[in-house]
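Remarks on the structure that follows.
What follows is calculated from the coordinates using simple rules that are stated; it is not laboratory data. Please read these numbers as outputs of a predicted model, since none were measured by experiment. Here the Cβ positions follow ideal geometry from the backbone for every residue, glycine too, while neighbour counts run over all protein chains shown.
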Amino acid sequence: MRTFIKNATLCYPEHTLHGKQFNILVDNGLIKSISDLKSVDFDREIDAKGMMVFPGLVDVHCCSGEPGNEDKEDFESLSLAAKSGGFTDLFLLPDSNPVTDTKSNASYILQASGRHAVNFHVLGAITKGLQGKELSEIYDMHTAGVKAFSDAKHPVSDVNMMKRALDYVKSFNGIVYSFPMDERVSPGGMVNESPSNTTLGLKTTPKLAEELFLNRDIYLLDYSRSRLHVSAISSEKSVSLIKEAKAKSLDISSSVALSHLLFSEDKLQSFDTVFKTNPPLRSESDRLALIKGINAGVIDIIHSDHTPEVIENKDVEFDQASHGMTMLETALAAYNTFLSKDISLESIVQCMSINPRKRFGLPMPKIEVGNKFDFTLFDPSAEWSYDAITMHSKSSNSPYLNQTLKGKVIEL
């Protein structure tokens, strides 16, 4: 289908057309022409006045049910959800069944890439079976196209294992993910350790658990001179630690889950299991510190932390419920509705599109004839309801289910 988009405004920091209006003709996903076109042949015309075009979003921390848990999400539903949310690239965590800890398992996922113009990138497991006892087939997975390695939300507690992983990836300039959480400090923790949560009667996860491991991994990075990405930071102190590490010129990046920018621990007072996350939602002062870290450029990336769950794992008592929420389809709308006064759209594009590509070596989308249209068209004024009719994800553990949001991705 030939789609003519006119009067769109480009949001692409560092690009010569940033902030300017332009017209573009897209034919079956390829850019056919760019100019002030007066007369073109097309099947569909979109007057994008007031709309924004920016490079497709990249999610560096995303869960997929497939393989093994297709009742939660499969590659088809995941791709459709990502596309409807403006994402063109997803980095899939290795905590599938089987775990992505071999070349063949990684290849299975990579072969499914490209559905509905959404690219899958594999995060290979650091350790076999995510058990933290033995390194996985890291080099073999690298030769299959794996760019980075993570044990998902299973912290690598063995300090020597983390050191070996950092040393090992240096031979091919790979990146190791750190999920900083010392489970010895927070066994079974579910909520932030704070005075307001004391009355909940639930086991707590203090910020200390995160900060201890973050300190450790920064020290190991300094020692090994390798490359590290810290995922899902959630506290004010963690932002300071990242800032200090960058001041030492260490090869470190960090990301924060969108949920930790949108919500604070106040949401837990209702015992709504959709707000049970890992790490847990923190204090309002931590939330504001994370936003400040984004605006200051200390935090590089915002990820969706898309974690689909079947209702049987959420519609239970809080202490029995699984962690996580779905976010791919509503990420941009949630930002536009609730965070646009705190974080500029330019910063969102930087943190959800440009920085992830730079960090993980993905090509930057180009506005050139013949190139793929790896861009997102977003209408910030459109209101829509996220419900069973509009959703593509198989799972409904969303904080915005049956709510009206402002800002919608226009699918081509």
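What is the antiparallel percent of DSSP beta bridges lying wholly in the chain, to the nearest 5?
Numbers: 22 of 52 bridges.
Here the share of antiparallel DSSP bridges comes out near 40 percent.
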Shape call for region 268-308, from the Cα gyration tensor axes a ≥ b ≥ c (a/c under 1.5 means rounded, otherwise prolate when a/b beats b/c, else oblate), comes out oblate
Listed by chain and number, the residues whose amide H is under 5 Å from that of Phe375, excluding neighbours fewer than 5 places away on the same chain and using placed H, are Gly56
Please order Lys406, Lys314 by the number of other Cβ within 10 Å, starting at the fewest.
Lys406, Lys314
Pick from Asp89, Asp286, Asp27 the residue whose mean-square fluctuation is largest in a GNM of the chain, springs joining Cα atoms under 10 Å.
Asp27
Full-extension gain in nm, Asp43 to Ser171, via 0.36 nm per residue minus C-alpha separation:
41.1 nm
Listed residues Pro399, Pro195, Pro55; largest mean-square fluctuation, Gaussian network over the chain with Cα springs below 10 Å, found at Pro195
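If the only charges are +1 at each Lys and Arg Cβ and -1 at each Asp and Glu Cβ, what is the size of the charge dipole of the chain around the Cα centre, to the nearest 20 debye?
Values: 43 positive and 54 negative charges, 254 e Å.
Its charge dipole is roughly 1220 debye.
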Considering the options Leu412, Val99, Gly293, tell which one lies farthest towards the positive end of the dipole of the chain, charges being +1 on Lys and Arg and -1 on Asp and Glu at the Cβ, about the Cα centre.
Gly293
Using Cα pairs closer than 8 Å and at least 6 residues apart in sequence, work out the relative contact order for the chain, in percent.
18
In sequence order, what are the phi-derived ³J(HN,Hα) couplings for region 316-329 according to the Karplus relation 6.51 cos²θ - 1.76 cosθ + 1.60 with θ = phi - 60°, rounded to whole Hz, with x for glycine and proline?
9, 4, 4, 6, 9, 6, 6, 7, x, 9, 7, 9, 4, 6
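Is there a quick way to get the dipole size of region 110-190? I mean about its Cα centre, with the Cβ of Lys and Arg at +1 and of Asp and Glu at -1; what is the value in debye to the nearest 20? Please list the in-between numbers first.
Values: 9 positive and 8 negative charges, 30 e Å.
About 140 debye.
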If you place +1 on the Cβ of every Lys and Arg, -1 on the Cβ of every Asp and Glu, and leave all else neutral, what size is the dipole of region 257-359 about its Cα centre, to the nearest 20 Debye?
580
Arranged from highest to lowest average of other beta-carbon atoms within 10 Å per residue, in what order do the peptides 154-163, 235-244 appear?
235-244, 154-163
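Would you list Glu137, Glu317, Glu284, Glu329 from fewest to most Cβ contacts within 10 Å? The partial results should precede the final answer.
On the way: Glu137 19, Glu317 8, Glu284 13, Glu329 27.
Fewest-to-most Cβ neighbours within 10 Å comes out as Glu317, Glu284, Glu137, Glu329.
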Quick one: if the Förster radius is 35 Å, what FRET efficiency do Asn97 and Glu14 give, using the C-beta to C-beta distance and rounding to 0.05?
0.30
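How much length would be gained if the chain were fully extended between Ser322 and Met364, taking 0.36 nm per residue of separation minus their Cα-Cα distance, in nm to one decimal? Before the final figure, lay out each step's value.
Details: separation 42, 0.36 × 42 = 15.12 nm, distance 3.60 nm.
Stretched fully, the Ser322-Met364 segment lengthens by 11.5 nm.
For Leu401 and Ser344 in one chain, what is 0.36 nm times their gap in residues minus the Cα-Cα distance, to one decimal in nm?
On the way: separation 57, 0.36 × 57 = 20.52 nm, distance 2.51 nm.
Going from the current span to full extension adds 18.0 nm.
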